[in-house]
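Below is one structure, written out as structure tokens, with a few remarks after it.
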Amino acid sequence: QVQLVESGGGLVQPGGSLRLSCAASESIFHIYVMGWYRQAPGKQREWVATITSGGTTRYADSVKGRFTISRDNAKNTVYLQMNSLKPEDTAVYSCNAVQVRGTSWGQGTQVTVSS
């Protein structure tokens, strides 16, 4: 299965922006769906956004209009641009890749939104 490594997390003030990256160990060209999920302390993991190999995107209502998911097949990387961040966006963000042979997950990157 493909190995995924997230980066780009950190501490940001409310209203700020961050861009998360999810680098894959192999070509993502044929990976049909890649997505971002997040898990806040004491809460279940929740879906944030997905993008298909054809570029179709979907977003959770809580992030629609603020977050943008994209993929660069040449760099084997999926991004999550997060704008207008809120304290409730604080969580560990993980990416995943859905393939015929199974689903792969990265280890996650911490995003903390606080003043």
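The values are calculated or read from the model by the stated rules, or taken from the named source; none is laboratory data. All values derive from a computational prediction rather than experimental measurement. All Cβ positions, glycine included, derive from the backbone under ideal geometry; neighbour counts span all protein chains shown. Ligands, DNA and RNA are stripped out before the accessible areas are found, and what is left, the full protein with its side chains, is counted by its heavy atoms. Shrake-Rupley method; radii C 1.70, N 1.55, O 1.52, S 1.80 Å.
If you roll a 1.4 angstrom probe over the protein chains with everything in place, what fraction of the accessible area of region 33-103 belongs to carbon and sulfur, to the nearest %? Don't skip to the answer; put the middle values down first.
Details: 1700 of 3610 Å².
That share works out to 47 percent.
Leaving out same-chain residues fewer than 8 places away, which aspartates and glutamates sit with a Cα under 16 Å from that of Lys64?
Candidates past the 8-residue exclusion: Glu46, Glu88, Asp89.
Please report, in debye to the nearest 20, how large the charge dipole of region 9-115 is about its Cα centre when each Lys and Arg carries +1 at its beta carbon and each Asp and Glu carries -1 there.
Using Cβ point charges on Lys, Arg, Asp and Glu, region 9-115 gives about 60 debye.
Over the chain, with a Gaussian network built from C-alpha contacts below 10 Å, which listed residue (Ile31, Ile69, Ile51) shows the highest mean-square fluctuation?
Answer for the Gaussian network model of the chain: Ile31.
Could you tell me how far the Cα centroid of region 53-115 sits from the Cα centroid of region 1-49, in Å?
What the calculation gives is 4 Å, centre to centre.
How much net charge surrounds Thr57 when only other residues with a Cβ under 12 Å from its Cβ are counted (Lys, Arg +1; Asp, Glu -1)?
Once all neighbours under 12 Å are counted, the net charge is +3.
Give the long-range amide H neighbours of Leu85: residues separated by 5 or more places, or on another chain, with amide H under 5 Å away, using H modelled in the peptide plane at 1.01 Å from N.
Amide H neighbours of Leu85, under 5 Å, 5+ apart: Gly15, Gly16.
Cut-off 10 angstrom, C-alpha nodes, Gaussian network model of the chain. Which of Lys75, Lys64, Lys43 fluctuates the most?
Lys43
Restrict the search to region 1-67; then list the chymotrypsin sites (Phe, Trp or Tyr not before Pro) that DSSP places in a loop and that have at most 14 other Cβ atoms within 10 Å of their Cβ. Could you put the intermediate results ahead of the total?
Numbers: sites: Phe29, Tyr32, Trp36, Tyr37, Trp47, Tyr59, Phe67; in loops: Phe29, Tyr32.
Hits after loop and neighbour filter: Phe29, Tyr32.
Select from Ser94, Ser21, Ser104 the residue whose mean-square fluctuation is largest in a Gaussian network model of the chain (Cα-Cα springs shorter than 10 Å).
It is Ser104.
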